[in-house]
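Quick notes on the structure that follows.
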């Protein structure tokens, strides 16, 4: 049971860190407005596909997780 408790604490800290990132995400310049992000706006709807932003975030997270794996 102690291992499960530690795992829950770590998961909670990670979720709290992600929450803080969401709070300050709008202050990061160019995030969500990169070339390659698709934004379609019509009369009744708008669609946004952040393709380039998703790729960059994926690369950054891959590097961070590979550092913690070792």
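The values are calculated or read from the model by the stated rules, or taken from the named source; none is laboratory data. Given the structure is predicted, the values throughout are model-derived calculations rather than measurements. Neighbour counts are summed over all protein chains in view; Cβ atoms, including those assigned to glycine, are modelled from backbone coordinates with ideal geometry.
Listing for the model above:
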{"read-out": "So residue 45, is it more than 15 Å from the chain's Cα centre (by Cα) and either closer than 20 Å to residue 68 by Cα or loosely packed, with under 10 Cβ neighbours inside 10 Å (or both)", "value": "yes"}
{"read-out": "Residue that is nearest to the chain's Cα centre (by Cα) [pool: residues in the stretch 22-42 that are outside any loop (DSSP other than H, G, I, E, B) and surrounded by fewer than 10 Cβ atoms within 10 Å (Cβ to Cβ)]", "value": "22"}
{"read-out": "Residue 53 surrounded by 10 or more Cβ atoms within 10 Å (Cβ to Cβ) and either modelled with pLDDT of 90 or more or touching a strand residue (DSSP E or B) at 6+ places or on another chain (Cβ under 8 Å) (or both)", "value": "no"}
